[in-house]
1. Give segment 256-287 a look and list any residue that's at pLDDT below 90, open to solvent by 30 Å² or more (accessible area, probe 1.4 Å) and out of contact with any His (no Cβ under 9 Å at 6 or more places or on another chain), or say none.
2. For Y182, state whether it is in contact with an Asp or Glu (Cβ under 9 Å, 6 or more places away or on another chain) and either of a type in the set (F, W, Y) or at pLDDT 85 or above (or both).
3. Taking into account only those residues within segment 133-166 that are within 22 Å of V237 (Cβ to Cβ) and touching a His at 6+ places or on another chain (Cβ under 8 Å), which is modelled with the highest pLDDT?
Amino acid sequence: MRYRVYGLLLTSEMALPELTSAAGAEPKASADLRIRLARHGEAFPSPSQWLMSWTLPTGERWLSVAKDAGGYLLQFPELADFSVDADGREIVCLPEPELPPHTMRHLLLDQVLPLVLTIHGRKALHASAVLTPRGVCAFTGPTGTGKSTLAASLLRTGYPVLSDDCLVLEAKDGQVLATPAYPGLRLREDALNALCDDFGHLRSVAHYTSKRRLIPDGQGSYLLGQALPVARIYSLVRPTEGEAEGGIVAPRIQRLSPQESLVELLPFLFHLAVTDRAMLARHFEFLDQVVSHVPVQRLWVPSSFTSLLAVHEAILLDLEDP
């Protein structure tokens, strides 16, 4: 089966229902990436060098990345391991025996692939994004600041979703272009109850979370479209308890200088080989191009769902200012 996602053409032994099939597109084009399940008895080599590790708020290890002669090992304890060859051309999936298939697909699409993009020389920002008449608006920021919720609320008013958690960017000909990912938003139950009615259908994300994946109706055509110019990048911030208690609940936008913008975006750029100094240097150079061509704004978003309309108005007004 063939799919296009994050700007890559991939083939997969397993069905990926979250994606739109590219079976009829580019029939002679060779795939950028192949995905397969580990064969019976196939084992991954022991890593020689662990590069980095992420932990959950509880302190439990979530993901560890190791380097070996053949490529990379991405390990999600008690869930699955993923082996990636050095060129990023093949991902081999080794799930735990009882792991539900939808959980493995979530790990592959939303955790592993964004990191593998960097091996292909692509730059990816941890961001949700929608398409407006003025161009692409991207929303980045720490977990819990409401990136997906804001994108879902804008989707509800007619702005197509281009990405949920990973936005591929390219600096070209004096502008920054965004490549659509796939049409899906992972939302908590409270956001679904507040925002969603009949403009999409829902899938389970993973067995360990109550989040659901909203698949918007009629969005598949954006997957195979060309890259689109970015108009704004908004770094989302939640008001502090003191600001909320003081009555500062309206959305607020602050334009950042290029230097501030680079520092603001750097933590949200996906990268796999953190020890590769040449790659890190390319990331700095790339972000310098991004902040030179796209305004980066800090956007304070109230936590109340009833404030989202005011956030929309603030964004649309900001887009009128070149």
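The values are calculated or read from the model by the stated rules, or taken from the named source; none is laboratory data. In this text, all values refer to a predicted model and were calculated from it rather than measured experimentally. Because the Cβ atoms are built from the backbone with ideal geometry, glycine has one as well, and the counts that use them run over all protein chains shown. Accessible surface is based on the protein model in full, side chains and every heavy atom, while ligands, DNA and RNA are left aside. Shrake-Rupley method; radii C 1.70, N 1.55, O 1.52, S 1.80 Å.
1. Of everything in segment 256-287, those that are at pLDDT below 90, open to solvent by 30 Å² or more (accessible area, probe 1.4 Å) and out of contact with any His (no Cβ under 9 Å at 6 or more places or on another chain) turn out to be V274, T275, D276, R277, A278, A281, R282, F284, E285.
2. Here the answer is yes, as Y182 does meet what is asked.
3. Ranking the qualifying residues of segment 133-166, first place goes to T140.
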